[in-house]
Amino acid sequence: MDVSGIAGVIIWTATARHADMAQFYRDVVGLTPRSDREGFINFEWDEMRLTVARHSDLSGPSSDPKRVMVNLKTDRIQEVYKRMSAAGVEFSRPPEREPWGGWIATFSDPDGNTVQLMQTTG
């Protein structure tokens, strides 16, 4: 197969909203930046990257937040859910067990993009 995986995902945001988005993923979600500079913040695990970057052609929050959804993997979904809820994140779906055996919890980032916590075990 010529394509062997996903190297990364970029969430584009309006220039005026970038600081709020970077702060949310860094301080509220709890991701550790690998690179953080003006208008660009990058988080990395193994060979996967999640980037939040500003784009001058965008303004305001996402106009179609259901088009793309990012799933963030965790082994402690209940703990992460409680910590993020205490930080003010409103979940549209609290942690629930899925028929396939894992757990899912759904929330929106400051731009309105749909994000899920996903625990594949237990």
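The values are calculated or read from the model by the stated rules, or taken from the named source; none is laboratory data. Source: prediction; values computed, not measured. Cβ: placed from backbone, ideal geometry, glycine included. Neighbour counts: every protein chain shown.
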Name the one entry in Pro65, Pro33, Pro95 that is surrounded by 14 or more Cβ atoms within 10 Å (Cβ to Cβ) and modelled with pLDDT under 90.
Pro65
In this structure, does Val9 turn out to be modelled with pLDDT under 95 and hydrophobic (A, V, I, L, M, F, W, C)?
yes
Answer yes if at least one residue in segment 16-39 is hydrophobic (A, V, I, L, M, F, W, C) and assigned to a strand (DSSP E or B), and no otherwise.
no
Of (1) under 12 Å from the mean Cα position of the chain (by Cα); (2) surrounded by 14 or more Cβ atoms within 10 Å (Cβ to Cβ); (3) at pLDDT below 95; (4) not assigned by TED's automatic domain parsing to the domain that holds Ile10, Ala22 satisfies every one except (4)
Do we find that Val89 is touching a helix residue (DSSP H, G or I) at 6+ places or on another chain (Cβ under 8 Å), under 13 Å from Asp109 (Cα atoms), outside the structural domain of Gly122 (by TED's automatic domain parsing) and surrounded by 16 or more Cβ atoms within 10 Å (Cβ to Cβ) in this structure?
no
